[in-house]
1. Could you work out how far the C-alpha centroid of the stretch 96-124 sits from that of the stretch 371-446, in angstrom?
2. Tell me the Rg and the Dmax, in Å, that the Cα atoms of the chain produce.
3. Mean separation of Cα pairs under 8 Å and 6+ residues apart, divided by the residue count of the stretch 178-298: what relative contact order is that in percent?
4. Suppose a student asked you for the relative contact order of the chain, using Cα pairs under 8 Å spaced at least 6 residues apart; what percent would you report?
5. What is the distance, in nm, between label points placed 7 Å from the Cα along the Cα-to-Cβ direction at residue 818 and at residue 288?
6. Assuming 1.306 mPa s and 10 °C, estimate D for the stretch 551-620 with Stokes-Einstein, Rh taken as the Kirkwood radius over Cα pairs, in µm²/s.
7. Would you give the gap between the C-alpha center of the stretch 659-714 and the C-alpha center of the stretch 225-288, rounded to a whole Å?
8. Using only alpha carbons, build the gyration tensor for the stretch 747-794 and give me the equivalent ellipsoid semi-axes, biggest first, whole Å.
Amino acid sequence: MKIKFITVAFFFLFILGASLEMMAQSGFTKPKDYFGFTPGDDRQLLDYEQLIDYLQKLDAESPRLKLEEIGKSPMGKPIYIAFLSDASNIENLESLKKINHQLALNPDLSGEERTSLSKEGRVFVYATLSMHSGEVAPAQSAPLIAYDLATTDDPEKVKWLKDVVYMMVPNHNPDGMNMIVHNYLKYKGTKYEGASLPGVYHKYVGHDNNRDFVILSQEDTRAIAKVFNQTWLPQVMVEKHQMGSTGTRYFVPPNHDPIAENIDAGMWTWIGIFGQNMFNDMTNAGLAGVSQHYIFDNYWPGSTETCLWNNVISFLTEAASAREATPIYIEPNELAVRGKGLSEYKKSINMPLPWEGGWWRLGDIVEYELVSTMSIIKTASLYKEKILLFRNDMCRREIEKGKSQAPYYYIVPKKQHDVSELVNMINLLRRHGLQVSTMNENILLGNRQYYKGDFVIPLAQPYRALVKEIMEAQEFPERHYTPGGDLIKPYDITSWSLPLHRQVASVEVAVRYPELEKGLSLLTEDLDYRSPVPENFQAAVYSVNSNESFKAAFAAMKNGMEVHRLDETIEVNGEMLPKGSFVVFPSKKTNSGWEKINQEILFSPTYLPSDAKFKSSVVKSPRIAFVETYFHDMDAGWTRFVLDYYGIPFTLLHPPDLRKADLSANYDIVMFADDSKSQLMTGKSGSEGNYYMSSYAPEYVKGMGKKGLEKLMSFVDKGGLVLSWGRSTQLFEGMLKIDDGDNKEEFQLPVRDISSSLSKEGLYVAGSLLRINLVQDHPLTYGLPEQIGIFSRARPVFKTSVPRFDMDRRVIATYPEKGILMSGYIAKPEKLSNKSAMVWLKKGDGQIVLYGFSPQFRASTQGSFKLLFNALFLTSNQ
């Protein structure tokens, strides 16, 4: 009878629990009810505002969800984290954050404290979705993930949520999400449904937002990075991506070689555990085509996984794409893979369950995302205490390495060629969460004298791996498919050294000096070298040695102040102010100009006394036309960012505009970024007679055409200036034509690109920092030393010839005989010996400057910025 009573009691408790759950569930808004469709449905996409509005509603309904703003996008949209966990964890987030900080940053925890914190703490899993906005599925899956975790009564998931705080960034790139979604909806139902977005899906950098996590130049990047290097310090991070349509269906870690050599072996082990569990869970769920050890290496920092160098177990996943929300059908013969882990599309250890082809839908990708996400959360729960202890283990290990392994410090002298880049670099290191100190007194270390105020970045700190990675010169780890066989080439670039890229002197110290460590003061605020503006002075001089002096000059001109450049080097109170420096005169009408300059520039100029004598020439802000294609033109986007950052005004043109624009009447300079000749001329990819079908709507498949090129050359002939780098320099090779009324001529500029022949001879540069020699005392090289580093892939490389008629040329930059590589990787460097990297040309009354490299590459090569900035003032010298 007692057993029967208990059974009945349990039955009623079950019914009561089910009823309460149903009542609770009825209070939650399902995604389908809110949007009118289930995210992932064919040909349906929600935009950023819809996504956030839904999550805010769910936040109000569920105690398991908390939405928190962490920053703004470049176009001003709020960026959020959705914290999803057990309600008690959500209530206790601030206390759990403190535990994260203790485990990540405190090497002195006792065994008892470590054990206690590993039990009290939770594993924070940081997930960033759809940073590449054309990769729509991760963000579209966000409402489904949030609803499931916020409402589930599955006992297993409930257990996970007690152990784990899932930190979901619903969309890493809000601006781009709306661009892509609205472009898709514009063409939905037409023959051009699924057409590519014209331009980049970001205010500036498009796909390259995943290359910004070393320099942190973009607002969205900084917001995302601050979470893992300063505020929440999660233990695990996953970045959700998509890839091409005809390969494997999904990639999970481990990655392919090469891997970063500064990363502790334990990090790779944990990445492998998460990846293998996804591999297992997804395959067991019947999701075919999951691969690992394929395509994606993990050698270079710059992606969101740069937090790996901050001791975060970080990795990416990649899903095969549909045509955004439009299904595609893939025939079996269209499935293919290439190298790096899979050479044939066959069953293998790296893909044990191949997908056989057929329809592939957004909903399929969403399903893969849901299963992979739950697998990550499950793994974090399964290994909760081990993961938390491992985070503290990494803190201890890295600090111990910093005390016992060279190098021990990087010392950055206070006195630098470019003071603005010193300030920017030190502040950037602090933004990464790194410890930077200053010397309290002068000190002699070895045979080198250092001075009070010099900066010291010790390696004995929790983020040692990041310090070493971004301060040292890179040496690419050569790995081969077979002994002596082909090199496994890097997925992206091979150089990112902050001091070398910024031309900031830095000393790597391989001996430990206890006396140095005793005489350091931790830097607790950003550098700011500004001083009050004096009451009486003739003018302010901003040294051309500093990049930000150009920013000051453009700000002054914008505010109506008179700006000159020094015609000669002068000395003021023992300070040498080089030729080309900017002289800014106080405005007679207002003093607000100084205030606006000082808001932007973190160092002060040299103020000239009223009796100072000097020779200078007035300069005016040039009228710049910058040409950007309708393609996903990232180099152009980076260029726009650099111009905007330095306050350099420009007008944006597209190649078809050159057919009609009156260039000579409206512009002094026409500028081209690294775009192919075919895209600029025809709006198509490929080459004449072999163009590829465009993925863009026809209104965007247009170029400048022959007429536009003729007008461009007429602009030059009449006194205009053209700046061109990378592939766009092909525009100026071969026979060119001017047909302008009475002026009709054909001519060939005295320069050609020889990089193709050098490549056939074995030259290979894997996106590296190469040394060049510069002509001195030239308007293009003001403020630069005789040698600098430029980011190069050795395409193009120039050879000049003796000119005819009204043309001339000068080689401005040359690769040296030896010692070409500064950082990265190069094969057959001797092929570049003494070759030309930058050429100035004259045609008629005008000029052309051709760069064999991107002088502003990803806004990360500050050491070569002045080669671009000086060129903007060439028309002032005519």
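1. Between the Cα centre of the stretch 96-124 and that of the stretch 371-446, the gap is 18 Å.
2. For the chain, the Cα radius of gyration and maximum Cα-Cα distance read 29.4, 115 Å.
3. Dividing the mean separation by the residue count of the stretch 178-298 yields 21 percent.
4. Contact order relative to length: 10 percent.
5. 5.9
6. Estimated via Stokes-Einstein, D reaches 125 µm²/s.
7. Comparing the Cα centres of the stretch 659-714 and the stretch 225-288, I get a distance of 41 Å.
8. 24, 18, 7
The values are calculated or read from the model by the stated rules, or taken from the named source; none is laboratory data. These numbers come from a predicted model, not from an experiment. Cβ atoms come from the backbone with ideal geometry, glycine included; neighbour counts cover every protein chain shown. Remember, those area values only see protein heavy atoms, side chains included, never the ligands or the DNA or RNA. Shrake-Rupley method; radii C 1.70, N 1.55, O 1.52, S 1.80 Å.
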